[in-house]
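Participant: Have a look at this one before I ask anything.
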Amino acid sequence: MTGEEEVKVGKSSFAVLCLPATGGRVRSVLMEDKERTKQQKAATAKNQLRGNPHSHSHAMEMTARNLHPNSKADGKNCDCSSNRNGGDTTEITVPLSPLGKRFLPIEGDNLYRLRDRKFLLEDKKRLCAWALGIALLGILLMILHTELCPVIYLPSSVYAFTITCMISLSTGCLLFLIVAFHYKDIRLFTIDHNQVDWRIAMTSQRLLGISLELVVCAIHPIAIYWGPEMGTPGLAVDSAQGGQAGTQGNFSSRPLCSSIRNSDLLDLVPLLSCLMFLRLYLVHRAIHLHSKVLLNVSYRSIGSLNNINFTFRFVLKVLMNKYPGRTLLVFIVFLWVSASWLLTLCERQIRAETGDMLTALWLIAITFLTVGYGDVSPKTLCGKMVCLFTGVMGVACTAMLVAVVAKWLALNKGEKHVHYFMMDIQISKRLRHAAANVLRECWLMHRVNCRKQNRGEHRQQQRSLLEAIRKFRHLRLNQRKLRDYASEMVDLPKMQMIMCDLSAKWNSSYHELEQRIVSMEQKLDELGRCLNHTSEILAQAVHQHRGYER
């Protein structure tokens, strides 16, 4: 190609690439004057000092400009080596980037996506830990207020108002942390799916889950402890007298702390207090986010290759396989204590005997173990629901406990091999003794027949022979069953080694067969050459013989 071809694209800064037809050098020259060059240098330096992200495009232009400092700035020609040698050049104008914009591959959202994802995961773990701590704090304050009021202080006192306000404050903080957690979760979703609009992540299922979490975390008995009759002196006296009468009466359960005389509203006291325990759903989220399975890079890499989702179910399975005894013990003890306290809270409404903590512990224990002696039973609907839930969880925990004990008592592969091997030796020894007894009884039977003694001794000897044959058959059947059961235990490593040995033998025999085939082909080629040479010699001999005859 002769001459110069210039293709100009863009309205701002662009570069000219000199592509020689012969030669190996490519140089870029910026089509800008010296005045604008100095201005762009100053602007680039200022943007780099200020941390402006748009300075990267200007830096690219300055890099392209500095590739050949001796080139002419007017852009009329390209002093390439190919021009000196008489070669042709093609001048292509390529835009570097518009002023004030960046290319898409170098945007911050794409370059630092993994770093932002790591920071968001750490923020989610931190927010989940704080939310669980605030939820436990609210539950502990509620338990403290229920146990101390009205024994230590009255419902209309300042202490009750302070603790109630602390419960409400902890509830507000918990709601804020839940919203912040889901905000981080939505941002993480947009990064994982490379989305820009956060509203794409707001599906109906996610909105329903967030709403349900907010409703569950917002439940607390503030409206009951701070009723319209708060501060009434007569009510405080009645509560105190009721507490003293309860402690001096037949039952030792404490009265319910409430400043409401309406029986319908009084039923909400244990209900709202029990529903505060629903905040413990944050435990499974904290276990999931703080588990070593999720934090380990090897786990996540292998799991992603095998399409395994690291959910709480997978983490729970890992814990049950790794620490089955500890996991079940912690869960059972926590369920026992919490269900007992909830039962006492429910039964305090009617001042029943099950409102005592010791009686509630006994009732929950026999309900959990599905024994049910019938000496005590819940009286309120709330208490019956607690006992029903305890019974269901007791059946589930018993099933898991049986599975853990069965796994703990089961023999491993090596122990099974040793056990079955020793059992086989013992049965073989007993089988030899039984066979010897059969032979001995046969010889004694033959001796009795030769002596021709009475029929009673003959029948006795026949019975002994049949018993010996029965024992021999029974032992042989047991040996067959044992060997069949032992043969079902397939040793996979051993089978793999056997298959590897067989494949190695097959490969060696295949290579040997290939060598033999190659050697046979070589011999056949040599034999063909010898036949051709022999035929040529015979043809020459016949030709010579005919020449002699002529």
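The values are calculated or read from the model by the stated rules, or taken from the named source; none is laboratory data. If you're wondering where the values come from, they're calculated on a predicted model, not measured in any experiment. Ideal geometry is used to build each Cβ from the backbone, glycine not excepted, and the neighbour counts take in all protein chains shown.
Participant: If I ask for residues that are at pLDDT 90 or above and either aromatic (Phe, Trp, Tyr) or surrounded by 16 or more Cβ atoms within 10 Å (Cβ to Cβ) (or both), which ones from region 113-132 would you list?
Facilitator: Asp123, Lys124, Lys125, Leu127, Cys128, Ala129, Trp130, Ala131, Leu132, listed by residue number.
Participant: Looking for something more than 30 Å from Ile287 (Cβ to Cβ), assigned to a loop (DSSP other than H, G, I, E, B) and in contact with an Asp or Glu (Cβ under 9 Å, 6 or more places away or on another chain) - is there at least one such residue anywhere in region 348-358?
Facilitator: yes
Participant: When Ile469 is evaluated against the numbered criteria (1) touching a residue at least 12 places away in the same chain (Cβ under 8 Å); (2) of a type outside the set (S, T, N, Q); (3) closer than 30 Å to Met320 by Cα, which criterion, by number, is the only one it fails?
Facilitator: Here Ile469 meets the rest and fails (3).
Participant: Given Arg430, Arg440, Arg483, Arg470, which one is surrounded by 10 or more Cβ atoms within 10 Å (Cβ to Cβ), touching a Leu at 6+ places or on another chain (Cβ under 8 Å) and among the basic types (Lys, Arg)?
Facilitator: Arg430
Participant: Another question, then. Filter region 301-312 down to the residues that are out of contact with any helix residue (DSSP H, G or I) (no Cβ under 9 Å at 6 or more places or on another chain) and surrounded by 11 or more Cβ atoms within 10 Å (Cβ to Cβ), then identify the one that is modelled with the lowest pLDDT.
Facilitator: If we take residues in region 301-312 being out of contact with any helix residue (DSSP H, G or I) (no Cβ under 9 Å at 6 or more places or on another chain) and surrounded by 11 or more Cβ atoms within 10 Å (Cβ to Cβ), then Ser304 is modelled with the lowest pLDDT.
Participant: In this structure, does Val293 turn out to be assigned to a helix (DSSP H, G or I), surrounded by 14 or more Cβ atoms within 10 Å (Cβ to Cβ), under 47 Å from the mean Cα position of the chain (by Cα) and modelled with pLDDT under 75?
Facilitator: For Val293, the condition - assigned to a helix (DSSP H, G or I), surrounded by 14 or more Cβ atoms within 10 Å (Cβ to Cβ), under 47 Å from the mean Cα position of the chain (by Cα) and modelled with pLDDT under 75 - is not met.
Participant: Let me ask another. I'm trying to understand the selection: among the residues of region 461-485, which are of a type in the set (Lys, Arg) and more than 15 Å from Met422 (Cα to Cα)?
Facilitator: Hits for region 461-485 are Arg463, Arg470, Lys471, Arg473, Arg476.
Participant: Go through region 148-242 and tell me which helices (runs of 4 or more DSSP H), entirely inside it, have 1 or more residues that are at pLDDT 90 or above and under 19 Å from Pro270 (Cβ atoms). Step through it out loud before you land on a result.
Facilitator: Values: elements: 158-192, 204-218, 222-225.
Output list reads 158-192, 204-218.
Each row is one residue, and each column tells you yes or no for (1) crowded, with 19+ Cβ neighbours inside 10 Å; (2) without any contact (Cβ under 8 Å) to a residue 24 or more places away in the chain.
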position	(1), (2)
Pro150	yes, no
Leu154	yes, no
Ile167	yes, no
Val179	no, no
Arg187	no, no
Asp197	no, yes
Ile200	no, yes
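Participant: Return the residue satisfying two criteria in turn: it lies in region 359-384 and is assigned to a loop (DSSP other than H, G, I, E, B) and in contact (Cβ under 8 Å) with a residue 12 or more places away in the chain, and of such residues it is surrounded by the fewest Cβ atoms within 10 Å (Cβ to Cβ). Please lay out each step first, then the result.
Facilitator: Here is the first cut: in region 359-384, the ones assigned to a loop (DSSP other than H, G, I, E, B) are 369-380.
In the following step, the residues that additionally are in contact (Cβ under 8 Å) with a residue 12 or more places away in the chain were identified as 369-370, 376-380.
Values: Leu369: 13, Thr370: 11, Val376: 15, Ser377: 15, Pro378: 20, Lys379: 17, Thr380: 20.
Per the stated criteria, the residue is Thr370.
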